[in-house]
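One structure below.
The values are calculated or read from the model by the stated rules, or taken from the named source; none is laboratory data. All values reported here derive from a predicted model rather than from experimental measurement. The area values use the complete protein model at the heavy-atom level, side chains included, leaving out ligands, DNA and RNA. Shrake-Rupley method; radii C 1.70, N 1.55, O 1.52, S 1.80 Å.
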Amino acid sequence: MCRSWTRIAVVDRHGEAALAPLVMTTVEYLRIETTCRGVADDIDIPAVEAISVTQAIEWIITVVK
């Protein structure tokens, strides 16, 4: 439930266009090429949002993988 609210908050604040870069930078994070805070810097959103969304996307990628 928390993951859904986080995604909705990011879409509401930054638009759907922010989701694609989040997924791509999360993949970089999983490859240990950046940090969660680096994700925030890359797509210019607050660190707390990037961290929570990265965790949600990481969970989705883990389940799908």
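A few notes on this one:
- Compared with the alpha-carbon gap, the fully stretched path from residue 13 to residue 61 is longer by 15.0 nm at 0.36 nm per residue.
- Accessible area per residue was computed with a 1.4 Å probe on protein heavy atoms; residue 19 scores about 40 Å².
- Rounded, prolate or oblate (a/c below 1.5 giving rounded, otherwise prolate when a/b exceeds b/c) for the range 16-65 by Cα gyration tensor: prolate
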